[in-house]
1. Condition check: of a type in the set (Asp, Glu) and within 20 Å of LEU196 (Cα to Cα). Does ASP298 satisfy that?
2. Got at least one residue in the range 202-223 being in the same structural domain as ALA256 (by TED's automatic domain parsing), crowded, with 22+ Cβ neighbours inside 10 Å and on the phi > 0 side of the Ramachandran plot?
3. Could you look through the range 330-363, keep only residues that are touching a strand residue (DSSP E or B) at 6+ places or on another chain (Cβ under 8 Å) and among the charged types (D, E, K, R), and pick out the one that is modelled with the lowest pLDDT?
4. Which one is nearest to GLY419 (Cα to Cα) among residues in the range 97-149 that are among the β-branched types (Val, Ile, Thr) and surrounded by fewer than 18 Cβ atoms within 10 Å (Cβ to Cβ)?
5. I need a count of the residues in the range 159-184 that are of a type outside the set (A, V, I, L, M), outside any loop (DSSP other than H, G, I, E, B) and crowded, with 19+ Cβ neighbours inside 10 Å.
6. Suppose we filter THR260, THR247, THR266 for residues that are of a type outside the set (Gly, Ala, Ser), farther than 21 Å from THR327 by Cβ, in the same structural domain as LEU335 (by TED's automatic domain parsing) and under 31 Å from the mean Cα position of the chain (by Cα); which single one remains?
7. When you scan the range 273-283, do you find a residue that is of a type outside the set (D, E, K, R), farther than 24 Å from TYR388 by Cα and in a loop (DSSP other than H, G, I, E, B), even just one?
8. Residues of the range 147-172 being over 22 Å from ASP221 (Cβ atoms) and among the small types (Gly, Ala, Ser), which ones?
Amino acid sequence: MELFPPEFPRGTDPRERRSGQAKQQPAQQRSAQTQRPRQDAPYAPLAANRARLERLRQKKRRRRIRIAVVLAVALAAALAYFTGLYGASIALLGDIVDSAVIALSPGDGFPLDLGMDELIDVQPLAGGFVAVDDRELVMWSASGRELRRIQHGYGDPCITTGNTRVCIYSRGSTALRVEGRRGTLAEKTLDGNILLARMSPNGTLAVFTDKGLEVYNPMFDLIWQWNRLDAFALALTFDDDNRRFATALVESRGGALSSTVYLFETGKDAPVFTFQADDALPVALRYLSGNQLLCVFDTRAVVIDTQTGQQTSSFEFGTRVLQSVSTQSDDSLALLFADVDVSRYAELIILDPALTVVGTAELETRALRVSSDRTHVYVLADDCVYTYGLDGVLYGRTLLDDTPQRLLTKGKLYLFAGGDAMEFHAPSRPAEGEEPFLTQLSGVAPPSDSASEPETHSASGETSQTDSSVAPAA
């Protein structure tokens, strides 16, 4: 690569060259050329070299991506040849091609305007996310590129995702669709009315209807079925092995409602184990490591041994009113207790996998929702997000222009508020003796018709730490 400017060839003294040229030029032209350049003007040859270097770097990055795609395709083809899993391998090849196309065409980043009416739900999707409102289903990549925008046509849309796929359905209907990042993968019309659906990490789909539970493999073939007519499903989850799954049903016993958790495996027709919880309604289920299943009810949380079906630990809520729960981390369970209709007080309790209390916090504000990851717990309030450590220590408070609606914590942190999607950056833990951080996060700036006073808040979507602080929670 040539790093010397073209007018300074190697082996030639630039001063001698300029001197020789000056003798042949008129005095007026020599005077104009000897003027000193402006200090702020870039040196054109060096700027051109920098631009060329950047183009070379981008070319190398694209080449590395292409090499990785070719190797992955070759590996998938070898897998198909030696194992005979042609259908699954074809689906894998399609996902690899989609990922390569998306990687080579990045978006403009965040924040971004969702361009949707009232956000109903949002779920992670292959590093990005998918959002749904009453009219549209829209997918975005991790770089902020809009992948697809679909008019779904469902009256009460619900979504569930598995890696690169999203299933959309409406409770009470018989139809569902599975969408990929580049097209529709399957459309199904079932015999019963859909109550609940969940998708595993590899795209295996479980659908509970008023006639029972059905499971479809990633190629949408029915592989398992369980007939059940007298129960209502409120929770359903898959293990990471895509083979074990559990559902929590509400049943009537002796004139009272009770809940039963059923543990299944796709290779067995009958339930492996059952667990009964009287006078409790199921809220969430999640498989933990070490053959354990976490079950959260409206009155307590319990952990079940999946090998024996026996309860190994529990945590009673007492008189607390459960507002929100986060089971997104294998290392903790976050419980938010509040009664938003009568009080502006909320309590956060953080439990470890054995359901032992490891952190608590109190908030004198209207708390709406809780999310968590491996290192933080996030409480969404009226106009801000509180960030806590797993020990309940307040790290900071992030102010927002609108009420936060969702915070996705799988991979990148995505915060949704006021019709915008923003990347969220958790504040660091304050040093001993320091106050928690106070930060500001803004979405897409509204268009301005005329020049006016500068905006108070940045529209970049970046979270910047300041010297301001808030009082720590009790």
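The values are calculated or read from the model by the stated rules, or taken from the named source; none is laboratory data. Everything quoted here is computed from the prediction, not taken from an experiment. Positions of Cβ are generated from backbone atoms using ideal geometry, with glycine treated the same way; all protein chains shown enter the neighbour counts.
1. yes
2. yes
3. ASP339
4. Going through the qualifying residues, I end up with ILE120.
5. Within the range 159-184, residues that are of a type outside the set (A, V, I, L, M), outside any loop (DSSP other than H, G, I, E, B) and crowded, with 19+ Cβ neighbours inside 10 Å number 7.
6. Only one candidate qualifies: THR266.
7. Step one: list which residues in the range 273-283 are of a type outside the set (D, E, K, R), which gives 273-277, 280-283.
Still in the list and also farther than 24 Å from TYR388 by Cα: 273-277, 280-282.
Still in the running and in a loop (DSSP other than H, G, I, E, B): 280-281.
Yes: the range 273-283 contains one or more residues that are of a type outside the set (D, E, K, R), farther than 24 Å from TYR388 by Cα and in a loop (DSSP other than H, G, I, E, B).
8. Matches in the range 147-172: GLY153, GLY155, SER170, GLY172.
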